[in-house]
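This report refers to the structure that appears directly beneath it.
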């Protein structure tokens with residue numbers, strides 16, 4: 001069974017691009033358009049890894065991450081920050097990696113493979 005990646009981003013073009021990258025690499029995907037919906041998607045889909053945008057309507061990525069970190073069952077899911085904000089590597093210090101948009105797809109896939117195979 002393919003490992004599942006949750007894409008959390010409010011930009012539909014980025015979501016589609018990431019879905020294409022991950023599915024072409026053999027992963028399955030699910031998505032949430034902001035941090036407010038994302039925790040429910042985590043509980044339903046049980047992803048192996050999460051890509052997280054920082055700046056979204058309703059609820060920003062760091063707030064979602066704080067909520068995720070309080071859930072014992074989900075707090076160890078690897079998170080990769082993918083954001084257009086400068087200095088994003090400091091927003092979520094326990095993220096396994098941080099990428100600034102635009103990002104290198106091969107580097108992103110390398111980090112994913114290192115974390116979930």
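The values are calculated or read from the model by the stated rules, or taken from the named source; none is laboratory data. These numbers come from a predicted model, not from an experiment. Quick reminder, even Gly has a Cβ in these numbers, built from the backbone with ideal geometry, and neighbours come from all protein chains shown.
Each residue in the range 34-62 was checked for being at pLDDT 90 or above and in contact with a helix residue (DSSP H, G or I) (Cβ under 7 Å, 6 or more places away or on another chain), and 8 of them qualify.
Determine if the range 29-37 includes at least one residue that is in contact (Cβ under 8 Å) with a residue 40 or more places away in the chain, surrounded by 13 or more Cβ atoms within 10 Å (Cβ to Cβ) and touching a strand residue (DSSP E or B) at 6+ places or on another chain (Cβ under 9 Å).
no
Looking at (1) exposed (fewer than 14 other Cβ atoms within 10 Å of the Cβ); (2) modelled with pLDDT under 95, which one does residue 107 not meet, given that it meets all the others? Tallying (1) exposed (fewer than 14 other Cβ atoms within 10 Å of the Cβ); (2) modelled with pLDDT under 95, residue 107 fails exactly one: (2). Taking the criterion of being in contact with a strand residue (DSSP E or B) (Cβ under 9 Å, 6 or more places away or on another chain) and either without any contact (Cβ under 8 Å) to a residue 40 or more places away in the chain or buried (at least 21 other Cβ atoms within 10 Å of the Cβ) (or both), the residues of the range 1-17 that qualify are 1, 2, 5, 6, 7, 8, 9, 15. Taken over the range 39-71, the residue count meeting the criterion of being more than 20 Å from residue 111 (Cβ to Cβ), touching a strand residue (DSSP E or B) at 6+ places or on another chain (Cβ under 6 Å) and free of Cβ contacts under 8 Å to residues at least 40 places away in the same chain is 1.
When only residues in the range 90-104 that are surrounded by fewer than 15 Cβ atoms within 10 Å (Cβ to Cβ) and touching a strand residue (DSSP E or B) at 6+ places or on another chain (Cβ under 9 Å) count, which is modelled with the lowest pLDDT? Within the range 90-104, the match that is modelled with the lowest pLDDT is 90. Based on what the data block shows, is residue 77 in a loop (DSSP other than H, G, I, E, B), modelled with pLDDT of 95 or more, at negative phi and surrounded by 15 or more Cβ atoms within 10 Å (Cβ to Cβ)? Yes; evaluated as a whole, the condition is true for this residue.
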